[in-house]
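These notes concern the structure reproduced below.
Values in this text are rule-based calculations from the coordinates and carry no lab data. As the structure is a prediction and not an experimental result, all values here were calculated from the model. Cβ placement follows ideal geometry from the backbone for every residue including glycine, while neighbour counts extend to all protein chains displayed.
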Amino acid sequence: MLRRLFTFSALVAILSLPLSAQSLHISQGAVTIGVPAPSAGEMTYADGGTTLTVMGRTYTVADIDSMVYHSEAVEPQTVKVTYEGTTARVFASADVAPYLSFEVNGADVSITASSGLTDEVNYVLSGNSSDGSFLHTGTLKSTLTLSGLTLTNTRGAAIDIQNGKRIAIIIADGTENTLVDGTGGTQKACFYVKGHSEFSGSGTLNVTGNTKHALSSNEYAELAEGFGAIHILGAVSDGMHVGQYYDQRGGTISIQNCGGDGIDCEATTDLGDEQNGQFFLRGGSITVDLGATEDVKGIKSDSLMTISGGSISVTGTGDGVKGIKTGGSLLVDQSSGNTTSITINVTGTTYHKDEVDESKTRGIKVDGDFTFDGGTINVSATGKKAKPVSVDGTYYYKSGTINCAVDATTVG
């Protein structure tokens, strides 16, 4: 009887939608699906009235908490997750809902996209929780928008994207967002992206990694021109750990209180990956305070490093510390059209990893050649056996201002 009454009342509600109604909201627990008004009347009851199908998604009538019409239109291809203390709510547009499965446990939200999904979804996260998380799993590129989010997960990553495709990460204009993960976990980072991460938006993102890295992308990371800011407030290991390549065209990056490197750009195992292990700075700024940690690097790349605009500032006082370390050659110029400025101040002596392996303090250490063709470089390296700039290959000077000697074979 209750099911029949619910079915009848739902049908009456739909048929009596006022002309001003833009959408019908179907709620089941913490998940609400928004159906555009023109599609709200196209519903199919089946199984003796116990199930209801709307825009490809089937609901068990007994599990529906409410069906309410609203005057607001539904944004297509959008999922909104709102955190409220120990709970979270999910609102999904009906066009993509049939291809998504939702699991909400307190403030832990997990969304899995099926292989049938063909439209890119924008996942918008906002609100505040001191004990929550967001996990997304899928095989199609997607967008993640942080819009005033403060999220701490005491048991693992705050945000974990398991996708493998391009993930557009938008830090919404005018918003401040803070992510913190738990200690002693198995997560790779507080904010982890399995895939290619492309950052845009002029907002601010603060990240603390209490188990390993603060922010990590297993494939390339790009920061757009006009990007806002990322503040790494602390990490047990690297502040930012990126696979394949790192390419920054704008924005402000500040990193402190890390047990590992500031930015570590690591080559992937796929030799066919383009620009593998490379680092690019074309605009914006990077500031790294390494503190007194031993044998760490402010900025490290496994392969080539190109600094063609923007500013870098690195300080550190640990043995074996390096401001910049490249596994390949280093090119510094101003070909991006932006001014290039590098300032490094490091202090320390030799760090002995074991009886054979040792690491000496260097302002800039280049495993390949170093070409300098524009900009300003100021490096100070103090301590026994410390050197400001050490190059294993050849130093090619063409133009620019540098305040220190370069330990290398010099051409120019």
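Evaluated at q = 0.12, 0.15, 0.16, 0.20 Å⁻¹, the base-10 log of the normalised Debye intensity for the range 47-153, with identical point scatterers placed on the Cα atoms, takes the values -0.45, -0.70, -0.79, -1.15.
Highest mobility in the GNM of the chain, judged by mean-square fluctuation with C-alpha springs under 10 Å and restricted to K353, K300, K194, is found for K353. For a test of the definition: using alpha carbon positions, the gyration tensor, and the 1.5 limit on a/c, classify the range 268-385 as rounded, prolate or oblate. Since a/c reaches 1.5 but b/c is at least a/b, the shape of the range 268-385 is classed as oblate. Over the chain, dividing the summed -39,500 (n - 2.57) contributions of all DSSP H runs of at least 4 residues by the number of residues returns a 222 nm mean residue ellipticity of -1000 deg cm²/dmol. For the pairs K322/K387; K300/K365; K297/K398; K300/K360, flag any whose C-alpha to C-alpha distance is greater than 21 Å. Too far apart for the 21 Å limit: K297/K398. With the convex hull drawn around the C-alpha atoms of the chain, the volume per residue stands at 148 Å³.
Each Lys and Arg contributes +1 and each Asp and Glu -1, all at the Cβ; summed about the Cα centre of the range 264-394, the dipole is approximately 640 debye. Full extension of the chain segment joining T268 with S335 gains 21.4 nm, where the gain is 0.36 nm per residue of separation less the Cα-Cα distance.
Centroid-to-centroid, using Cα positions, the range 252-292 and the range 105-135 are 27 Å apart.
Please label the shape of the range 132-258 as rounded, prolate or oblate, based on the square roots a ≥ b ≥ c of the eigenvalues of the alpha-carbon gyration tensor (a/c under 1.5 means rounded; beyond that, a/b larger than b/c means prolate, else oblate). The shape class here is rounded. Which residues does a label at D357 reach in the range 296-319, if reach means a backbone N under 15 Å from a point 7 Å past the Cα toward the Cβ? Counting backbone N atoms under 15 Å from the label point, the list is 296-297. Rounded to the nearest 20, the Cβ-based charge dipole of the chain about its Cα centre (Lys and Arg +1, Asp and Glu -1) stands at 340 debye.
With respect to the chain, whose longest principal axis is taken over its alpha-carbon atoms, helix 2-15 is tilted by about 80°.
In a simple Cβ point-charge model (Lys, Arg +1; Asp, Glu -1; nothing else charged), the range 39-147 has a dipole of about 160 debye relative to its Cα centre. Note on K165: lysines with a C-alpha under 24 Å away, same-chain residues under 8 apart excluded, are K80, K141, K188, K194, K212.
With a simple spin-label model that places each label point 7 Å from the Cα along the Cα-to-Cβ direction, the separation between Y45 and D65 comes to 2.4 nm.
For the range 338-356, backbone nitrogen atoms closer than 15 Å to the point 7 Å from K384 Cα along Cα-to-C-beta are found at 348-353. Of the GluC sites (Glu not before Pro) in the range 207-308, the ones in a loop by DSSP (not H, G, I, E or B) with at most 15 other beta carbons within 10 Å are E225, E274.
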